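Participant: So that we are looking at the same thing, I have put the structure below in structure tokens.
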Amino acid sequence: MKAKKAGCRGFETAFLLEKERAVGKKTTIVPLGPPKNKMVLRMKEFDITQHILVPKHEILSKEEKKALLEKLNISEKQLPKIFESDPVIKILNAKIGDVIKITRKSLVAGESVYYRIVIKE
């Protein structure tokens, strides 16, 4: 008897048991847990930061944040916002108050840099 770990409809993980029989193989699905949220499953299976349409995100250090605010002569409240629930922010483990540098590639401008401050939703 062979056991394979596999995703299963509505379950995060299941084992597929294959039993050799005289006529052929019999496959039995044994669920290991309750159904999970499908969006959470998709996030675990695919790293969205590697997608071609997702720009590069990075967290600025405290020194970089301070230098940016002085250079632009603005306060934190004046920066554009990004929610802590944003999928990329979750992957980065950014905290409320962190400044995110977003670098987008553009055919016209070459590269554009944007800054966002993480806020609670």
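Since every read-out is calculated from the coordinates, none of them should be taken as a lab result. For clarity, every value in this text was computed on a predicted model and none was experimentally measured. With ideal geometry, Cβ positions are generated from the backbone for all residues, glycine too; neighbour counts draw on all protein chains shown.
Participant: What's the total number of residues in the stretch 97-121 that are part of a strand (DSSP E or B), touching a residue at least 12 places away in the same chain (Cβ under 8 Å) and at positive phi?
Facilitator: Pass one, the stretch 97-121, residues part of a strand (DSSP E or B): 99-106, 110-119.
Then drop every residue that is not touching a residue at least 12 places away in the same chain (Cβ under 8 Å), which leaves 99-105, 113-119.
Narrowing further to those that are at positive phi: none.
Residues that pass the stated criteria total 0.
Participant: Sort out which residues of the stretch 84-100 are of a type outside the set (A, V, I, L, M) and farther than 18 Å from residue 50 by Cβ, and write them in order of number.
Facilitator: Pass one, the stretch 84-100, residues of a type outside the set (A, V, I, L, M): 84-87, 90, 93, 95, 97-98.
Of everything in the stretch 84-100, those that are of a type outside the set (A, V, I, L, M) and farther than 18 Å from residue 50 by Cβ turn out to be 84, 85, 95, 97, 98.
Participant: Give the residue that is surrounded by the fewest Cβ atoms within 10 Å (Cβ to Cβ), with candidates limited to residues of the stretch 82-96 that are part of a loop (DSSP other than H, G, I, E, B) and not β-branched (Val, Ile, Thr).
Facilitator: 93
Participant: Further question: Checking the conditions here, which among 79, 69 is free of Cβ contacts under 8 Å to residues at least 12 places away in the same chain and surrounded by 16 or more Cβ atoms within 10 Å (Cβ to Cβ)? Spell out the reasoning first.
Facilitator: Values: 79 fails: free of Cβ contacts under 8 Å to residues at least 12 places away in the same chain.
Within the list 79, 69, the selection yields 69.
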